[in-house]
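I have placed the structure first, in the form of structure tokens, so that the comments after it can refer back to it.
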Amino acid sequence: MSSDADEAYLQRLADIVNERVQALGPKAARTATPAQLLAVVALSLAEDLEASERRRETLEMKTRQVVGAAIRRIDQRLQADAELAQQIEP
């Protein structure tokens with residue numbers, strides 16, 4: 001396999017996969033083929049990715065709401081200040 005990624009980064013990824021395979025336990029290692037173990041790990045990683053994507057989307061939506069509300073408050077304050085300044089000017 002060839003990749004443009006840093007070797008240390010690839011090693012970290014391989015370590016994650018190996019940890020997931022080991023977490024399946026010795027019974028799984030005895031009864032399943034390496035390809036089956038890797039398939040289970042791949043499905044687990046895909047599920048984790050989907051969950052992370054949902055969390056990111058939720059956080060992004062909440063962030064947009066909070067920032068939008070802050071911008072509206074700032075705009076209201078600026079408008080109120082501008083109106084007050086017009087009332088004060090002779």
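Annotations
- Extreme residue, surrounded by the most Cβ atoms within 10 Å (Cβ to Cβ), among residues of region 21-79 that are part of a helix (DSSP H, G or I) and of a type in the set (Ser, Thr, Tyr): SER44
- Looking only at region 13-43, and only at residues there that are farther than 22 Å from SER3 by Cβ and not aliphatic (A, V, I, L, M), the one that is nearest to the chain's Cα centre (by Cα): GLN22
- Looking only at region 1-17, and only at residues there that are closer than 20 Å to LEU49 by Cα and touching a helix residue (DSSP H, G or I) at 6+ places or on another chain (Cβ under 9 Å), the one that is modelled with the lowest pLDDT: ALA5
The values are calculated or read from the model by the stated rules, or taken from the named source; none is laboratory data. Everything quoted here is computed from the prediction, not taken from an experiment. Backbone-built Cβ (ideal geometry, glycine too); neighbour counts: all protein chains shown.
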